[in-house]
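In what follows, a structure is listed as structure tokens, so that the remarks can point back to it.
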Amino acid sequence: MSDEEYKPGLIGQIRDKLIASKQQWAKDGRLLTGETATPNQRRLPPGQRLVRDWPVLDLGVQPNILLDRWQLSVGGLVQNPVKLTWNDFLDLPQMDTVSDIHCVTAWSRYDNRWSGVLASDFLRLVKPHADARHIVFQSYDGYATNVTLEMFSAADVLLAHSWDGAPLTREHGGPVRIVMPKFYFWKSAKWIKHIAFLDRDAPGYWEVRGYHNTGNPWKEERYG
Ligand SMILES: Nc1nc2c(c(=O)[nH]1)N[C@H]1C(S)=C(S)[C@@H](COP(=O)(O)O)O[C@H]1N2
Ligand SMILES: [Mo]
């Protein structure tokens, strides 16, 4: 975890309420429109509204990870289980992408410019075994979320350290977060710490609390 110990106080209580109400949304099927759309059929997925600001969502902990203490480790079914320091990470090929954010709480934000390492370049480095089919992202705040290797292999997936030309702020998941534009934003783990490659699925924080295992916004896979 972070250097900073998390002490549940007023903020913690407020967040606990938010988490509980988000979990209740899954039970009630809140925000579901019953519509579906295929990717590219339209830019704004069903039930979403466009925002211009960038809301912050977390579990009440925003870990403060100093760059010289930051490490990204990779484990499980890979040939090359690296432990990357900040400089190691910056030595990997750097790319920019532009993509839209779709949060399950119904806001979407267009045209986010991210900089970092493409998942495809990262996969070339760690070399998953043939039987690696699933991935779990583990974060410095204790959060986890699961995706398939296929989802992670998409050309638009990034391990991002910058947004709009500036380092990702702590509240938005800096030093490094995942960006998976084709899925609801809860799949885009902030404060990434460890990436595990597995031969079986391992549902994450929201996935075990009533949220969909895949989370495709054009199919409105909010809960499941
Ligand atoms: N480590 C971590 N990653 C996380 C979360 C979190 O609580 N912890 N929340 C998820 C959710 S539910 C959303 S909507 C987005 C929010 O990212 P933002 O605060 O940058 O908008 O981060 C996702 N990644
Ligand atoms: Mo979210």
_Taking the criterion of being assigned to a strand (DSSP E or B) and within 16 Å of ligand 2 (Cβ to nearest atom), would at least one residue in the stretch 88-98 satisfy it?_
no
*asked:* Here is a list: Phe152, Phe137. Which entry is of a type in the set (Phe, Trp, Tyr), within 16 Å of ligand 2 (Cβ to nearest atom) and under 30 Å from Asp28 (Cα atoms)?
replied: Phe137
*Is it true that Gly224 is out of contact with any His (no Cβ under 7 Å at 6 or more places or on another chain) and either touching a residue at least 40 places away in the same chain (Cβ under 8 Å) or small (Gly, Ala, Ser) (or both)?*
no
*Test: Val117 is within 16 Å of ligand 2 (Cβ to nearest atom) and not in a helix (DSSP H, G or I)*: no
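Give the residues of the stretch 52-79 that are in contact with a His (Cβ under 8 Å, 6 or more places away or on another chain), within 29 Å of Tyr110 (Cβ to Cβ) and among the β-branched types (Val, Ile, Thr), sorted by residue number.
Val56
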*asked:* I'd like to check something: does the stretch 51-63 contain any residue that is loosely packed, with under 13 Cβ neighbours inside 10 Å, at pLDDT 95 or above, away from ligand 1 (no atom under 16 Å from the Cβ) and closer than 30 Å to Asp88 by Cα?
replied: no
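Name the single residue, out of those in the stretch 64-76 being crowded, with 18+ Cβ neighbours inside 10 Å and at negative phi, that is farthest from ligand 1 (Cβ to nearest atom).
Going residue by residue through the stretch 64-76, those that are crowded, with 18+ Cβ neighbours inside 10 Å are 65, 70, 72, 74, 76.
Those left that are additionally at negative phi: 65, 70, 72, 74.
Working: Ile65: 11, Trp70: 14, Leu72: 13, Val74: 17 Å.
Only one residue fits best here, namely Val74.
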*Test Pro203 against the criterion of being crowded, with 22+ Cβ neighbours inside 10 Å and within 15 Å of ligand 1 (Cβ to nearest atom), and give yes or no.*
no
*asked:* For the condition surrounded by fewer than 16 Cβ atoms within 10 Å (Cβ to Cβ), touching a strand residue (DSSP E or B) at 6+ places or on another chain (Cβ under 9 Å) and part of a loop (DSSP other than H, G, I, E, B), what is the one hit in Pro81, Pro45?
replied: Pro81
*From the residues in the stretch 6-30 that are at pLDDT below 85 and aliphatic (A, V, I, L, M), which one is nearest to the chain's Cα centre (by Cα)?*
Leu18
*asked:* Test of understanding: among Trp218, Trp186, which residue is farther than 15 Å from Leu149 by Cα and under 14 Å from the mean Cα position of the chain (by Cα)?
replied: Trp186
_Candidate set from the stretch 120-150 (those that are part of a helix (DSSP H, G or I) and among the acidic types (Asp, Glu)); member that is nearest to Gly204 (Cα to Cα)_ = Glu150
*Mind checking whether some residue in the stretch 158-172 is crowded, with 21+ Cβ neighbours inside 10 Å, assigned to a loop (DSSP other than H, G, I, E, B) and more than 15 Å from ligand 2 (Cβ to nearest atom)?*
yes
_Qualifying residue in the stretch 96-110 (condition: at pLDDT 95 or above, more than 18 Å from the chain's Cα centre (by Cα) and either farther than 29 Å from Ala132 by Cβ or among the aliphatic types (A, V, I, L, M) (or both))_ = no
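The values are calculated or read from the model by the stated rules, or taken from the named source; none is laboratory data. Owing to the predicted nature of the structure, the values given are computational and were not obtained by experimental measurement. Neighbour counts are summed over all protein chains in view; Cβ atoms, including those assigned to glycine, are modelled from backbone coordinates with ideal geometry.
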